[in-house]
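The values are calculated or read from the model by the stated rules, or taken from the named source; none is laboratory data. Quick caveat, the model's predicted, so the values are computed rather than measured. Please note: Cβ atoms are built from the backbone with ideal geometry, for glycine as well, and neighbour counts cover all protein chains shown. Protein only, heavy atoms only, side chains kept; ligands, DNA and RNA dropped before computing areas. Shrake-Rupley method; radii C 1.70, N 1.55, O 1.52, S 1.80 Å.
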Amino acid sequence: MGYHETYASWQDDPEGFWLKAAEAIDWDVAPTQALFDRGDNLFEWFADARVNGCYNAVDRHVENGRGDQVAIIHDSPITDTKTKITYAEMQTRVAALAGAMAAQGVTKGDRVIIYMPMVPEALDAMLACARIGAVHSVVFGGFAANELAVRIDDCTPKAILAASCGLEPGRVVAYKPLLDGAIEMASHKPDVCLILQREQQTCDLVPGRDLDWHAAQEGVAPAECVPVEGNHPAYILYTSGTTGAPKGVVRHTAGHLIALNWTMKNIYDVNPGDVFWAASDVGWVVGHSYICYGPLIHGNTTVVFEGKPIGTPDAGTFWRIIEEHNVRSFFTAPTAIRAVKREDPKGEFITKYDLSGLRALYLAGERADPDTILWAQEKLGKPVYDHWWQTETGFTIAGNPAGLEALPVKIGSPTVAMPGYDVQILDEAGHPQKAGELGAIAIKLPLPPGTLPTLWNAEDRYKKSYLTTFPGYYETGDAGMMDDDGYLYIMARTDDVINVAGHRLSTGAMEEVLAGHPDVAECAVVGVSDALKGQMPLGMVCLSKGVNRPHEEIAAECAKRVRDQIGPVAAYKQTLVVDRLPKTRSGKILRATVVKIAESADFKLPATIDDPAILDEIKAALQTIGYAK
Ligand code: COA
Ligand code: AMP
């Protein structure tokens, strides 16, 4: 069956479609029913089944003869090490770590925060949680202590699994002081922390709370896989929303196993045994779905990459890894390819490596600009597939189902809706738009298995954020259009979320930090186009009356505050001190207009603007820092 037949078969019988896909999973109790309608537009999938995620990702492959196959290749140009771990070795490692957690009293349903760099132990930690039914919440290493504290208080973990440090080019990131600071700040305290000591920088352990990762595993019985209900949360992953409080996206166990397994062949076109590589981080959804769970559930070899696209040591790293490990499908963010292209515009590094085993490059996480796609297509001589999805969905909403049928690529479009998703373009009143017309992108409910059923401890916020604007639909937060062939085009966010180097960030959260500066009376943060990172945050602050300090000093303090409170990943550098902010008569800051001015784009004067003259002031201010040319 090709794409159209497959999509039609899902439309004809959505539940039958997913029950069939469920046959690829090993169940303790097989599902008898796919969808559970919980009323009020809330849905769950496969709630009556029982299953274990770790068993499906590890143990079953050992039982089925893949024990000697490499499960994880850790390639770390930053430490100059390469390690291969087989499925059989994974089973031993994960069972031992799960045993250590169980010995510390962690049981099914307990939350466990994982704060780790790109080392195999990060995957061990995720899978060890899955093994005993604990609910993990991985926090990206580039977040500051304060962000970690917010997550500790929201998901109240019994245990935290962390490493002593992470490694960034030219800099060791000491995780332990961040962890200790976060626990100090948080009201909730974990019972125990398991700390992986890395030789690049070890740390002190807090007596009575911290245990050494390996010592904690000594003398404890390895843990068996605990079957959980299909709707048992596998994990919580926090993502940026409009406000400073991150949203805890919940992922149920059965749905994500089924959906991820389906995508490995149908979208990424890999067969069990093939090497699959997603160059992302376990702290992001791409890391959850396509560094850890997806490839392992499907019996692939996954590459855990600790490095950067450039500088570790050069712009040939991606291609070296693809050749050396015979990567068949490669997934990264457009920003990474832009970084490589900037460093090696002629693609000379590409010609140094044998990429004959590579079938295609997949891009996601932010808009894939045509220049980047065209460059990659030409230099690699391989298909380049953009695909669009979100933390909330956990897998592709729109993509090119190359394993089913490679559809023609239209540059600028992530291609078509995947089975499970009835994607519609709606106007403000919720009416479907015609082909080619811009609107909000919404998905008719129910969402497919593997997508978020709710937000952690925040069902009302879930409904308000996603379900109320367009009754009967999930609001994606993206705007765009669809052409006559059903190809989607993703144009912009409809909220205050920005995308910096493929990282999703909240301008609202940055505004909350700036507003806390004692000299700042009012502020706004917008995302402006950036040739490398897609977008960069730009802050505008109005100072309190009587503040007479040098503006550069205040700008530097603002940058430090965002770095200290949100983290280096926010890449917040620029602050403009202005006399006033452009607003509507009702007081709403005209952020979108500021972005247009900064980017020297055409814009319509907002009818409700309070004082149009202010736009000239803003333009002049933006020109002083190189924008609004
Ligand atoms: N732990 C600690 N700090 C981290 C970190 C981590 N895991 N990841 C990033 N940072 C820091 C960086 O060191 C940098 O700090 P600096 O301000 O001191 O230089 C800052 O956060 C910003 O990092 P980043 O956005 O990665 O920018 P960069 O300039 O270091 O690198 C790219 C630019 C394009 C090479 C890089 O962003 C990249 O590889 N992007 C791919 C994105 C990606 O995989 N996204 C996942 C979604 S698919
Ligand atoms: P995240 O939840 O971090 O994966 O970010 C999801 C958001 O990133 C989406 O809602 C989009 O705004 C953006 N995004 C992800 N992939 C794409 C893509 N292929 N094209 C355009 N935007 C994308």
Q) Can you pull out the trypsin sites (Lys or Arg not before Pro) in region 416-476 that DSSP calls coil and that have at most 16 other Cβ atoms within 10 Å? A) 434
Q.
Set the bar at 31 Å for Cα to Cα. Now go through 382/434; 545/596; 410/573; 176/533; 308/463; 158/533 and name every pair that lies beyond it.
A. 382/434; 410/573; 308/463; 158/533
Q: Sort 610, 422 from largest to smallest accessible area, using a 1.4 Å probe on the heavy atoms of the protein chains.
A: 610, 422
(Q) Within 12 Å, Cβ to Cβ, of residue 57, how many net charges do the neighbouring residues add up to if Lys/Arg are +1 and Asp/Glu are -1? (A) 0
Q: Work out the length of the dipole vector of region 536-629 about its Cα centre, built from +1 on the beta-carbon of each Lys and Arg and -1 on the beta-carbon of each Asp and Glu, and round it to the nearest 20 debye.
A: 240 debye
Q) Quick one: ranking 544, 289, 529 by accessible area, 1.4 Å probe, largest first, what do you get? A) 529, 544, 289
Q) If you put +1 on each Lys and Arg Cβ and -1 on each Asp and Glu Cβ, how big is the dipole of the chain around its Cα centre, in Debye rounded to 20? A) 860 debye
Q | Coarse-grained scattering of region 3-69 at q = 0.24 Å⁻¹, given as base-10 log I(q)/I(0) from a Debye sum over alpha-carbon atoms | A | -1.02
Q: Go through region 297-369 and name the trypsin sites (Lys or Arg not before Pro) that are in a DSSP coil and have 13 or fewer other Cβ atoms within 10 Å of their Cβ.
A: 346, 352
(Q) Quick check on the chain: helices-only [θ] at 222 nm, where DSSP H runs of length 4 and up contribute -39,500 (n - 2.57) each and the sum goes over total residues. Nearest 500, please. (A) -8000 deg cm²/dmol
Q. Quick one: Karplus J couplings for region 390-407, per residue in order, coefficients 6.51, -1.76, 1.60, θ = phi - 60°, nearest Hz, x for Gly and Pro?
A. 9, 3, 4, 8, x, 7, 3, 8, 10, x, 10, x, 4, x, 8, 6, 6, 7
Q: Write down the Å³ per residue value for the convex hull defined by the alpha carbon atoms of region 250-313.
A: 83 Å³
(Q) Please report the spacing between the Cα centers of region 547-585 and region 469-522 in Å, no decimals. (A) 20 Å
Q | Normalised per residue, the volume of the convex hull around the Cα set of region 53-196 (Å³) | A | 90 Å³
Q: Note the full-extension length gain between residue 271 and residue 603 as 0.36 nm times their separation in residues minus their Cα-Cα distance, in nm to one decimal.
A: 114.6 nm
Q) Between region 161-203 and region 24-95, what's the alpha-carbon centroid distance in Å? A) 27 Å
Q: State to the nearest 20 debye the size of the charge dipole of region 407-461 about its Cα centre, where the only charges are +1 on K and R beta carbons and -1 on D and E beta carbons.
A: 240 debye
Q. Taking N as the number of residues in the chain, what is its alpha-carbon radius of gyration divided by 2.2 N^0.38 Å?
A. 0.94
(Q) Please report the net charge: other residues with Cβ closer than 12 Å to the Cβ of residue 456, K and R +1, D and E -1. (A) +2
Q) Among 424, 482, 471, whose Cα sits farthest toward the positive end of the charge dipole of region 415-489 (+1 at Cβ of Lys/Arg, -1 at Cβ of Asp/Glu, about the Cα centre)? A) 471
Q) Taking Cα centroids, how far is region 304-327 from region 244-297 in Å? A) 21 Å
Q: Give the residue from 494, 566, 225 lying farthest towards the positive end of the charge dipole for the chain; charges sit on Cβ (+1 for Lys and Arg, -1 for Asp and Glu) and the dipole is referred to the Cα centre.
A: 566
Q: Output the direction-averaged projected area (hull surface divided by four) of the convex hull of the alpha-carbon atoms of region 366-438, in nm².
A: 6.2 nm²
Q: Mind listing the long-range amide H neighbours of residue 69? Cut-off is under 5 Å, sequence gap 5 or more, other chains count too, H placed in the peptide plane at 1.01 Å from N.
A: 87, 88
(Q) In the chain, if the dipole is taken from +1 on Lys/Arg beta carbons and -1 on Asp/Glu beta carbons about the Cα centre, which of 117, 385, 35 is farthest to the positive end? (A) 117
Q: Identify the trypsin sites (Lys or Arg not before Pro) of region 88-119 meeting these criteria: DSSP loop state and at most 16 other C-beta atoms within 10 Å of the C-beta.
A: 108
Q. According to a simple spin-label model (label point 7 Å from Cα along Cα-to-Cβ), what is the distance in nm between residue 48 and residue 405?
A. 3.4 nm
